[in-house]
Amino acid sequence: MSTHSQQNVIFTVKSGGKLAGRARVPGDKSISHRSIMLGSLAEGVTKVSGFLEGEDSLATLNAFKSMGVKIDGPENGKVTINGVGLHGLQKPDDDLYLGNSGTSMRLMSGLLAGQSFNTVLTGDKSLSGRPMRRIIDPLLQMNVGISAAQNGTSPLKIIGGKKLEGIEYTLPVASAQVKSCLLLAGLYAQGKTCVTEPAPTRDHTERMLQGFGYEVMRKGSTVCLRGGDRLQSTSIDVPADISSAAFFMVGASIAEGSDLVLEHVGINPTRTGVIDILKLMGASIELSNESEAGGEPVADIHIRSRQLKGITIPEELVPLAIDEFPVLFVAAACARGTTILTGARELRVKESDRIQVMADGLKVMGIDAEPTADGIVIQGGQMTGGTVVSHGDHRISMSFAMAALKCTAPVVIEDCANVNTSFPGFTELATGLGLAVSSEVSD
Ligand code: S3P
C-alpha cells in the first residue's frame, strides 16, 4: 500500500461573477479527526454527524479501522464508532498510510505512543517533507519510543510498550497539533502532562476530551491532564468548517454584488481570526443564529461584498487564522493599499510553502506580492488571470479559484486533486453559488 498515484486535476475558472445564496460547507476537519480518535478510545458507542468525508479525515478513520475498531459509515456525514477503550486497539497488519494529513500523523503519534504494539506512520510526498521533530522532541522527554527519517520527517516508527511519563512542556511554536499530540500521549502517561502555549491555538482536543468526560485543567496559557482515566462515549455534531467557509467569505467580499449566507459554521474563538482580519479590512460580515453544537459554538455567517482596504495584520491573530492565509492573500490583492503580514513563518511548513506559492501565483496574476522570512507584503491591484500551480495544496487551489471572481481573464489552476482532502464537492458547491469553475483530469 505504498503507491498512491495522484491524478493531475486542473481547475479552470472564468473571470468575474458574484456569489449569492445559502450553503453549508463540509464538516470541520480538525473536529472530524478528533471525533474518530476519541470515539475509538472511548468506552461505548459514539455517534458522529456532520463528519467531513474528505481524504484527510478518512485517512484517520481507516487507520483506526485497521487497528480493529468497528466503525460504520460515513454515510451522509454519519459515523458510528464502537469504542474499544484506551487499551483496546490492536496492532495493524501494515504501516498506517495517512496521505496528506499532518493532523492525523501528529495527533496519532501521541496516542500510539501509549499502545502495547509498534506502528509505522507514512504519508504522501508533501507529508513526508513536513517537520516532525516538533513532536518527537517532547515525546522523547515523555519516554516515548519514536524515531523518524534522518531529517526529522516521516516515516515515523513508534515503539509501543513503554512506560510514559507526564511532562511540563512549553511549545516553541504555537501549534495545536503538537499540543494535542502531547495531551493524547498524556492520557497514557504516569502523572500530569502540562502544555503551555506561546499564543492561543485551536482547543478542539481539550473541548472534546471534556465532552468524553475526561478532566482537562486550564490555567492561563497552560493546559493539563492526568493519565489513567477513561473516556466515556458521547455524540458529536460536527459544525461546518470555518476554514472551508473562508474561501466563500473572501469570494463574497471581493466580488461586487455578492450576498451569501454560510450555515452552521463553527465559530470557536480559537478559529475566528479570519473574520476579525476581514472585518479589519472593511468586510461586511454578520453572524446570526448563534448556538452550540457538541461543545463548539456555531453560527450562520452573512457576507456582502465591500471594497476592502489593506492592513497590517495583528500578529496575535496569526494562530487564529493559520489555515486561512492563502485566501486572505487573495483578499489583500483585491484591497486598496498595502497588506503586511509578519509572525507567520509556520505558513512555510504547511501542505506547501504557502508564502512562496501564493506569492508566485499572485505575481503571475500581475500583483506585487513580496515574500519575507515570516510573512508577505501585498499591494492591492487589478488581477489579470493566468495559469498558476497549487503544488498539491488544497487551500492554494481553492484560494486561486476565488481570485478569478476579480480577474480580467480566466484562471487555470494545476494540481488540484488534493482539494478532496478537506473539501469534497468544492466545485459543485462553488458552481451553485455562482463561481464558474470546471474541473478536468489531464494525463
Ligand atoms: C490543526 C492545527 C493547525 C492547522 C491544521 C489543523 C489541528 O496546525 O494548520 O490544518 O487540527 O490541530 P498547527 O497546529 O501545526 O499550526
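The values are calculated or read from the model by the stated rules, or taken from the named source; none is laboratory data. Keep in mind that what you see is a predicted model, and the values were worked out from it rather than measured. Please note: Cβ atoms are built from the backbone with ideal geometry, for glycine as well, and neighbour counts cover all protein chains shown. Just the protein is used for accessible areas: all its heavy atoms, side chains included, with ligands, DNA and RNA removed. Shrake-Rupley method; radii C 1.70, N 1.55, O 1.52, S 1.80 Å.
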Based on what the data block shows, is V274 crowded, with 19+ Cβ neighbours inside 10 Å, of a type in the set (V, I, T) and not assigned by TED's automatic domain parsing to the domain that holds F51? yes
Determine whether region 398-406 contains at least one residue that is in a loop (DSSP other than H, G, I, E, B), open to solvent by 40 Å² or more (accessible area, probe 1.4 Å) and either at pLDDT 95 or above or not assigned by TED's automatic domain parsing to the domain that holds G54 (or both). no
Every residue in region 115-138 that is touching a helix residue (DSSP H, G or I) at 6+ places or on another chain (Cβ under 6 Å) and within 22 Å of L225 (Cα to Cα), please. R134, I135, P138
Residues (surrounded by 21 or more Cβ atoms within 10 Å (Cβ to Cβ) and within 16 Å of the ligand (Cβ to nearest atom)) located in region 185-196: A185, G186, V195
In region 66-81, is there at least one residue being within 15 Å of the ligand (Cβ to nearest atom), outside the structural domain of L262 (by TED's automatic domain parsing) and either touching a residue at least 24 places away in the same chain (Cβ under 8 Å) or not basic (K, R) (or both)? no
Could you tell me whether region 320-333 includes any residue that is in a loop (DSSP other than H, G, I, E, B), closer than 28 Å to S49 by Cα and touching a strand residue (DSSP E or B) at 6+ places or on another chain (Cβ under 8 Å)? no
Do we have I376 as open to solvent by 10 Å² or more (accessible area, probe 1.4 Å) and either among the hydroxyl-bearing types (S, T, Y) or outside any loop (DSSP other than H, G, I, E, B) (or both) here? no
If you go through region 245-270, how many residues are farther than 16 Å from K29 by Cβ and out of contact with any helix residue (DSSP H, G or I) (no Cβ under 9 Å at 6 or more places or on another chain)? 3
Considering only region 10-25, I want to know if a residue exists there that is within 16 Å of the ligand (Cβ to nearest atom), more than 17 Å from the chain's Cα centre (by Cα) and surrounded by 23 or more Cβ atoms within 10 Å (Cβ to Cβ). no
Scanning region 149-184 for residues that are among the polar types (S, T, N, Q) and in a helix (DSSP H, G or I), the one most open to solvent (accessible area, probe 1.4 Å) turns out to be Q177
Hey, any hits in region 35-49 for a residue that's closer than 27 Å to K78 by Cβ, assigned to a loop (DSSP other than H, G, I, E, B) and either more than 16 Å from the ligand (Cβ to nearest atom) or in contact (Cβ under 8 Å) with a residue 12 or more places away in the chain (or both)? yes
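The rows are residues; the columns are (1) of a type outside the set (K, R); (2) out of contact with any strand residue (DSSP E or B) (no Cβ under 6 Å at 6 or more places or on another chain).
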| site | (1), (2) |
| --- | --- |
| E165 | yes, no |
| A174 | yes, yes |
| K179 | no, no |
| Q190 | yes, no |
| P198 | yes, yes |
| H204 | yes, yes |
| G213 | yes, no |
| V216 | yes, no |
